[in-house]
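**Student:** Just dropping this structure here.
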Amino acid sequence: MKKPFDLSLYLVLDPDLCQQHSMVETAREAVAGGATMVQVRHKRASTTERIALARSVKEALRNTPALVVMNDDIEAAIEAGVDALHIGQRDMPAASARARIGLNMLLGLSVNSESAAQAVDPALVDYVGVGPVFATPTKTDHEQPIGFAGLTRIVAACPVPAVAIGGLKQQHVSDVLATGASGIAVVSAICGTPDPQQASRELWERILASRPG
Ligand SMILES: Cc1ncc(COP(=O)(O)OP(=O)(O)O)c(N)n1
Ligand SMILES: Cc1ncsc1CCOP(=O)(O)O
Ligand SMILES: [Mg+2]
């Protein structure tokens with residue numbers, strides 16, 4: 001069975017930024033501070049290394065409600081038994097990914113335009129990552145930034161829940177949620193900060209403060 005998911009505070013791990021605190025430690029601390037999803041994203045690692053890393057992250061988050069996501073690597077996602085796979089428009093067709101991962105794993109897809117949003121098939125894709133909202137040095141090959149106006153239009157065109165990504169910091173939380181996005185995805189707002197739990201908690205508090213009720 002697919003797990004229910006909460007995109008509110010979505011951490012994407014980065015091996016270069018996670019030096020003082022390892023990726024596993026950063027994941028643990030961020031979830032203690034409120035992160036709801038953690039993506040294992042390691043572009044230089046082998047599939048074997050990604051499997052080991054994902055297993056360690058899963059173990060660290062075992063008694064928490066946070067979900068573990070694998071970026072790009074379908075073999076590693078299946079072998080490590082993560083909760084979700086995240087792919088981009090150029091990685092593989094969503095239909096191929098869904099055929100491989102089956103019906104029990106969540107599938108996330110990156111979207112950068114209204115036309116890509118309209119093309120999302122909710123029978124295949126569970127959520128979208130929309131961005132980059134702003135230019136960011138964390139991903140050097142990112143698409144054209146969309147800004148909040150673009151984010152608003154793309155989120156409205158998406159048939160599935162959306163998480164915003166790219167250059168997002170604490171001060172952007174309320175503007176992100178005002179677009180209709182379900183959450184905020186961050187790398188450098190948590191990875192590489194001196195206290196990842198505190199960074200996560202500050203983001204989480206802004207999320208709570210930005211939501212009605
Ligand atoms: C939540 C989330 N959204 C978008 C992305 C970017 O995915 P992609 O476009 O495939 O780029 P890489 O991350 O693979 O460089 C993401 N990873 N997560
Ligand atoms: C993985 C990814 N996809 C689009 S932008 C991005 C990196 C976001 O990093 P940061 O939160 O540090 O700007
Ligand atoms: Mg990708």
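The values are calculated or read from the model by the stated rules, or taken from the named source; none is laboratory data. Predicted model, so just to flag it, every value in this text is computed and none were measured. Cβ sites come from the backbone with ideal geometry, for glycine too, and all protein chains shown count toward neighbours. With ligands, DNA and RNA removed, areas are computed over all heavy atoms of the protein, side chains included. Shrake-Rupley method; radii C 1.70, N 1.55, O 1.52, S 1.80 Å.
**Student:** Could you say whether any residue in segment 29-48 is more than 26 Å from LYS169 (Cβ to Cβ), without any contact (Cβ under 8 Å) to a residue 40 or more places away in the chain, more than 16 Å from the chain's Cα centre (by Cα) and open to solvent by less than 40 Å² (accessible area, probe 1.4 Å)?
**Tutor:** Yes, segment 29-48 contains a residue that is more than 26 Å from LYS169 (Cβ to Cβ), without any contact (Cβ under 8 Å) to a residue 40 or more places away in the chain, more than 16 Å from the chain's Cα centre (by Cα) and open to solvent by less than 40 Å² (accessible area, probe 1.4 Å).
**Student:** Has segment 121-139 got at least one residue that is part of a helix (DSSP H, G or I) and out of contact with any strand residue (DSSP E or B) (no Cβ under 9 Å at 6 or more places or on another chain)?
**Tutor:** Looking for residues that are part of a helix (DSSP H, G or I) and out of contact with any strand residue (DSSP E or B) (no Cβ under 9 Å at 6 or more places or on another chain), one finds none in segment 121-139, hence no.
**Student:** With respect to ASP141, is the statement that it is under 20 Å from ASP91 (Cα atoms) and without any contact (Cβ under 8 Å) to a residue 40 or more places away in the chain true?
**Tutor:** Criteria met by ASP141.
**Student:** Follow-up question, since we're still on this one. Report yes if some residue within segment 75-88 is within 16 Å of ligand 2 (Cβ to nearest atom), among the acidic types (Asp, Glu) and closer than 24 Å to GLY183 by Cβ; otherwise report no.
**Tutor:** no
**Student:** Here are some conditions: (1) outside any helix (DSSP H, G or I); (2) within 16 Å of ligand 1 (Cβ to nearest atom); (3) touching a residue at least 40 places away in the same chain (Cβ under 8 Å). GLY192 meets all but one. Which one does it not meet?
**Tutor:** (2)
**Student:** Residue check: is VAL24 under 23 Å from GLY183 (Cα atoms) and either more than 14 Å from ligand 1 (Cβ to nearest atom) or out of contact with any strand residue (DSSP E or B) (no Cβ under 7 Å at 6 or more places or on another chain) (or both)?
**Tutor:** yes
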